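Report on the following structure.
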Amino acid sequence: MKLNNLMKVKEAALSCVHCGQCRVANWPEKNYYYVCPVYKTDCTPNFEPFFARGKNLLLKGLFWGDLELSSELSEIIFQCSLCGACEDFCHNSHNEYIDFANGRWMEQVISFEALRADLVEAGYGLDSHNSMNDALMTQLNPYQRNNDDKNTWKTDLNFQIKDLTKEHAEVLYFVGCTAAFTPQIQTVARTTAKILHILNIDFGIFGQNEVCCGSVAVRTGNRKAFNKVASLNVRMFKEYNIKTIITSCAGCYRTLKKDYGDLLEDIQIFHTAEYLEKILKNKDIELKNRHQLVTYHDPCHLGRHSGVYDTPRNILNKISNLVEMKTHREASMCCGAGGGLKKAFPDLSLEMAKNRVKEAEETQAKYLVSTCPFCFRNLSEAIEVLNSGLKMKDLVELFLEALE
């Protein structure tokens, strides 16, 4: 049995003291009323291996040789969205009054990703993920689509967008596969482009030449697929002298910003919300507050994984009336769309989204707002299934309304 990837993060993988507070806890001062979004559903047996404490015991069993990598282990390990709430909540990492040595090591998202990579390399990847990642390597996107279709979202625009493989622009708008391909989410791409056009930003796209950032490959353990698309992207960014990248996808943002490591150290990477806030600070732009009651869902990749909490709220407070859900910011409950969960375990993913929508309904808001196409899609489906009165919006949609 080889644990090549786990061995690289051994201290983090062995750091858990198994207190169990990461499963369900109450910490109102930090907006926590429960922690694990999987535990809050009825889609798993509620046995320990389905939650962080149990997974951490499995890690130790692997290191000690009491367990072997297997397809049965994969079925458990992949029923997790890698949202990071367990890691962020961990008292051993965040208790300012007690100097736990292992507080320096609590990185469970990294540990679980490493285990997934070892499972995939041992031949125990999930079939649904394998087909997705095979497409990533052969078609450069995980949706098994012709990459030429990445241009369809812009056909209805009344202005031209630069093709950065043919001419230069100051900013690359990295659209991302989900916003480019998914009809009901293409509005995010179109709206972002409209805003940049109205604000006279010199921007362009790669269009049919845009390569997936590789986020899905990292989360599902296929590092071979990730390394291929990452190397292609780095080569393209250098070839076309890209200095600034913006993306409306939290997954793309986290991947380019963190998972690429030092490969993009000479490139500024912004989530669209960050870029818009930067423009608002530097330019005299008038925004209308339409006083719509909204609540904001923190995408895990933008919030917990990247620490971007204030920026979306700063913008929403300028253009709407923002009311927070019971769990928000660091404690925000995952919608279930990430970590390969929606692809492999759609029922669990949808159940998590339904729980989040129900929480949003309690605010009496008209709009549920997010800054991630993955969240947009999963929460929209939950709204439809629940026949909820909520309407799903991406932040850029409200921004455009306020700008116009």
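Per-structure values
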{"quantity": "Top positive-direction residue, dipole computed over the stretch 4-125 with Cβ charges, set G65, Y32, G54", "calculated": "Y32"}
{"quantity": "Under 5 Å, built H, 5+ apart or other chain: amide partners of W27", "calculated": "Y32, Y33"}
{"quantity": "Percent RCO, i.e. relative contact order, over the chain, from Cα pairs under 8 Å lying at least 6 residues apart", "calculated": "17 percent"}
{"quantity": "Calculated from backbone phi, Karplus (6.51, -1.76, 1.60) coupling profile of the stretch 386-392 in Hz, x at Gly/Pro", "calculated": "7, 6, 6, x, 5, 10, 7"}
{"quantity": "Förster radius 41 Å - calculated FRET efficiency between Q268 and K40 (Cβ-Cβ, nearest 0.05)", "calculated": "0.65"}
{"quantity": "Spatially proximal aspartates and glutamates relative to K2 (Cα-Cα < 18 Å; intrachain offsets below 8 disregarded)", "calculated": "E11, D66, E68, E72, E113, D118, E121"}
{"quantity": "Extreme residue, positive dipole direction of the stretch 287-403, given options Q364, T311, L341 (C-beta unit charges)", "calculated": "T311"}
{"quantity": "Simple Cβ-charge dipole of the chain, Lys/Arg +1 and Asp/Glu -1, about Cα centre, in debye nearest 20", "calculated": "300 debye"}
{"quantity": "Reported label for calculated semi-axes √(5λ) of the Cα gyration tensor in Å given (1) 33, 26, 19; (2) 50, 28, 18; (3) 36, 25, 20", "calculated": "(1)"}
{"quantity": "In the stretch 156-239, the trypsin sites (Lys or Arg not before Pro) that fall in loop regions by DSSP, at most 15 other Cβ within 10 Å", "calculated": "K166"}
{"quantity": "Burial ranking of peptide ranges 336-347, 123-134 (average Cβ count within 10 Å, highest at the top)", "calculated": "336-347, 123-134"}
{"quantity": "For N321, residues with placed amide H under 5 Å, excluding near neighbours", "calculated": "H291, Q292, L293, V294"}
{"quantity": "Karplus (6.51, -1.76, 1.60) ³J(HN,Hα), θ = phi - 60°, over the stretch 192-203, in Hz, Gly and Pro reported as x", "calculated": "4, 4, 4, 4, 4, 5, 4, 7, 6, 7, 7, 9"}
{"quantity": "In Hz, Karplus ³J(HN,Hα) per residue of the stretch 258-275 (6.51, -1.76, 1.60; θ = phi - 60°; x = Gly, Pro)", "calculated": "10, 6, 6, x, 7, 5, 10, 5, 9, 10, 7, 10, 10, 6, 3, 4, 5, 5"}
{"quantity": "Pairs from K154/K358; K40/K150; K60/K354; K55/K354; K228/K318; K30/K243 whose Cα-Cα separation, in the structure shown, is over 30 Å", "calculated": "K154/K358; K40/K150; K60/K354; K228/K318; K30/K243"}
{"quantity": "Residue-averaged 222 nm ellipticity for the chain, from DSSP H runs of 4+ at -39500 (n - 2.57), nearest 500", "calculated": "-12000 deg cm²/dmol"}
{"quantity": "Residues with amide H under 5 Å from that of M392, placed H, sequence gap 5 or more", "calculated": "L368"}
{"quantity": "FRET efficiency for L280 and L386, using Cβ-Cβ distance with R0 set to 60 Å, rounded to 0.05", "calculated": "0.95"}
{"quantity": "Qualifying GluC sites (Glu not before Pro) for the stretch 257-359 [loop in DSSP, other Cβ within 10 Å: at most 16]", "calculated": "E265, E286, E324"}
{"quantity": "Leading residue at positive end of dipole, the chain (Cβ point charges), from L6, V216, H271", "calculated": "H271"}
{"quantity": "Unit charges on C-beta of K, R, D, E only; dipole of the stretch 250-317, Debye", "calculated": "320 debye"}
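Readers should treat all values here as calculations from the given coordinates under stated rules, not as data from a laboratory. Source: prediction; values computed, not measured. Using ideal geometry, Cβ is built from the backbone for each residue, glycine included, and neighbour counts are taken over all protein chains shown.
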